[in-house]
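Here, each number is a calculation from the coordinates, and none is a lab measurement. All figures in this text were calculated on a predicted structure; none of them were measured in a lab. FYI the Cβ positions are ideal-geometry reconstructions off the backbone, even for glycines, and counts take in every protein chain you see.
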Amino acid sequence: MLMEIKYIRNGSGPVLGLTKLGVIEKDGLFFKDMDGTGELKPFEDWRLSPAARAKDLAARLSVREIAGLMLYSAHQS
């Protein structure tokens, strides 16, 4: 099954390739709505440093989600 990919170009920012994720527009720029809230969170903001985005996302994870990530390995896919 082919999946349709929509591309959105941000002037001086990255090109976003989207499938089922929504899009957030802020300040004339576009961001992937990874959590489906329609609100731009720091971990979704590509203008921030990778460290800042990772710190924000890690703070949002529950202990159960963190444990699940620790137990995941490539052979499970």
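So if I place +1 on the C-beta of Lys and Arg and -1 on the C-beta of Asp and Glu, and nothing else carries charge, what would the dipole magnitude of the chain be about its Cα centre? I want it in debye, nearest 20.
Working: 11 positive and 10 negative charges, 31 e Å.
Magnitude of the dipole: close to 140 debye.
May I ask you to order 39-49, 62-72 by the average number of other C-beta atoms within 10 Å around their residues, highest value first?
Working: 39-49: 14.5, 62-72: 9.4.
The densest-packed peptide leads the list: 39-49, 62-72.
May I ask you to evaluate 6.51 cos²θ - 1.76 cosθ + 1.60, the Karplus curve with θ = phi - 60°, for each residue of the stretch 30-38 and list the ³J(HN,Hα) values in order in whole Hz, giving x for glycine and proline?
10, 9, 6, 8, 5, 9, x, 8, x
If you average over every viewing direction, what projected area does the convex hull of the Cα atoms of the chain give, in nm²? Walk me through the numbers on the way to the answer.
Working: hull surface 27.8 nm².
Orientation-averaged projected area of the Cα hull: 6.9 nm².
Between residue 60 and residue 26, what is the spin-label point distance in nm, taking each point 7 Å from the Cα along the Cα→C-beta axis?
1.0
For the stretch 1-43, just say rounded, prolate or oblate: build the C-alpha gyration tensor, square-root its eigenvalues into a ≥ b ≥ c, call rounded for a/c under 1.5, and beyond that prolate if a/b exceeds b/c, oblate if not.
Working: a/c = 2.58, a/b = 1.26, b/c = 2.05.
Oblate.
Tell me the net charge near residue 45. Cut-off is 9 Å between Cβ atoms, residue 45 excluded, with +1 for each Lys or Arg and -1 for each Asp or Glu. Walk me through the intermediate numbers first.
Details: positive: 26, 41, 47, 53; negative: 44, 56.
Its environment carries a net charge of +2.
Please report how many Lys pairs in the chain have alpha carbons closer than 13 angstrom, counting only residues at least 8 apart along the chain or sitting on separate chains. Could the numbers behind the result be given before it?
On the way: 6/20; 6/32; 20/32; 26/41; 32/41; 41/55.
Going through the chain pair by pair, I get 6.
Pop out the ³J(HN,Hα) list for the stretch 42-54 in order, Karplus 6.51 cos²θ - 1.76 cosθ + 1.60 with θ = phi - 60°, rounded to Hz; leave Gly and Pro as x.
Going residue by residue, I get x, 5, 8, 8, 5, 6, 7, 5, x, 5, 5, 5, 5 Hz, with x marking Gly and Pro.
Using the Cα centre of the chain as origin and beta-carbon charges of +1 (Lys, Arg) and -1 (Asp, Glu), tell me which of 7, 54, 71 is placed farthest towards the positive end of the dipole.
71
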